[in-house]
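Worksheet: one structure, shown below.
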Amino acid sequence: QVQLVESGGGLVQAGGSLRLSCAASGRTLSFYGMGWFRQAPGKEREFVATINKSGGSTSYTDSVKGRFTISRDNAKNTAYLQMNSLTAEDTAVYYCAASNVALRVNAYEYAYWGQGTQVTVSS
């Protein structure tokens, strides 16, 4: 199985950018489709973005299209989420997750999760 550790979260002003990283260990990341989810206080965890095993296909939730970019570097066993033009509505704990099936958008389809990294956007 794979272990995931997110990093790169923090406090940023509205309009700013952050890049989240998800480092994998235990098994090579290339075996898995990867996803990013987020959970704001008092809200359910929601899908943000997903990428297939090779990195050739991606999918995003509507609210982040054109602002966020998911990518992966299988040689570095790391996935990324580049977040631009951040707004206060993007404030949440962000989780990366790994699935045996590519391009899944439901949290229950991901077997492995990181511990999360806090992103706070000040308006």
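The values are calculated or read from the model by the stated rules, or taken from the named source; none is laboratory data. Since this is a predicted model, take the numbers as computed values, not measurements. Positions of Cβ are generated from backbone atoms using ideal geometry, with glycine treated the same way; all protein chains shown enter the neighbour counts. We work out accessible area using only protein heavy atoms, side chains counted, and drop any ligands, DNA or RNA first. Shrake-Rupley method; radii C 1.70, N 1.55, O 1.52, S 1.80 Å.
Residues that are out of contact with any helix residue (DSSP H, G or I) (no Cβ under 8 Å at 6 or more places or on another chain), open to solvent by 30 Å² or more (accessible area, probe 1.4 Å), assigned to a loop (DSSP other than H, G, I, E, B) and of a type outside the set (A, V, I, L, M) within segment 84-110 comprise N84, S85, T87, T91, R104, N106, listed in sequence order.
Among the residues of segment 30-53, is any within 14 Å of V121 (Cβ to Cβ), open to solvent by 50 Å² or more (accessible area, probe 1.4 Å) and among the small types (G, A, S)? No; the residues of segment 30-53 include none that is within 14 Å of V121 (Cβ to Cβ), open to solvent by 50 Å² or more (accessible area, probe 1.4 Å) and among the small types (G, A, S).
On the given criteria, is V119 closer than 23 Å to L11 by Cβ and open to solvent by less than 10 Å² (accessible area, probe 1.4 Å)?
Working: closer than 23 Å to L11 by Cβ: yes; open to solvent by less than 10 Å² (accessible area, probe 1.4 Å): yes.
Yes.
Considering every residue within segment 55-74, establish whether at least one is in contact with a Phe, Trp or Tyr (Cβ under 6 Å, 6 or more places away or on another chain) and open to solvent by 50 Å² or more (accessible area, probe 1.4 Å). Within segment 55-74, not a single residue is in contact with a Phe, Trp or Tyr (Cβ under 6 Å, 6 or more places away or on another chain) and open to solvent by 50 Å² or more (accessible area, probe 1.4 Å).
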